[in-house]
Amino acid sequence: MERREPDPAPPEAASGELDPLELRAWRAFLASHALISRRLETELLERAGLPLAEYDVLVQLAYADDRRLRMHELADRVLLSRGGLTRLVDRLVSQGLVERAKCGLDARGAYAVLTTDGLERLRAASPCHLDGVRRYFSHQFDAAEQERLAELLERTERAAAAAEVPAAGVRSTRRATAVTGGRSTGVAGAPRAGGADATILVGGEALVAGREAGA
């Protein structure tokens, strides 16, 4: 197994304003994320009638064991917005894309479960989403640039994950796999892709390839 070199030690904390290079890099990251997210949202709504936040929830459920998660698990895994998650799931339930199921081990808890209609809706929406990801992101870089960019962003993800401290009274269920990139899940006849912590950027690919229950 290839060993990853340890991340370089961060510079000593500085106070005051960001220097010009720090500000340029930070603003470029924020601006590109915001613009790409808006473009993806607009196209997904126009072509599939599905908001990006709902797509994110459906992807996380599709990659979960038995396509179900407790609400606090789902909150840990969604990538776009944790705010209003209960109402978002309620909307998906009203559309028949998700259903709630009682948790046998905890009478107070309930699972959010992806329905067959929800999986089909996700499969139908995924080509539109992935096409946008390639046009606005992946195809802006060659393979070497993508590799380097992934390494740099994974470094910032590890730093943020390592520093994450749950608020008082809030139960943290964040898996250690969030730091290492997540366990993998299979697609019949296809390469294995990111799993429990699947991102919206790769989630649909496997679904389009035809992941079936138990595959």
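The values are calculated or read from the model by the stated rules, or taken from the named source; none is laboratory data. All of these numbers come straight from a predicted model, not from anything done at the bench. Cβ: placed from backbone, ideal geometry, glycine included. Neighbour counts: every protein chain shown.
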Which count do you get for residues in the range 57-71 that are surrounded by fewer than 20 Cβ atoms within 10 Å (Cβ to Cβ) and either within 15 Å of the chain's Cα centre (by Cα) or basic (Lys, Arg) (or both)? 2
For the range 108-146, give me each residue that is surrounded by 20 or more Cβ atoms within 10 Å (Cβ to Cβ) and assigned to a strand (DSSP E or B). 111, 112, 114
Test for residue 14: is it more than 24 Å from residue 147 (Cβ to Cβ) and at pLDDT below 95: yes
Among the residues of the range 41-57, are any over 18 Å from residue 119 (Cβ atoms) and modelled with pLDDT under 90? no
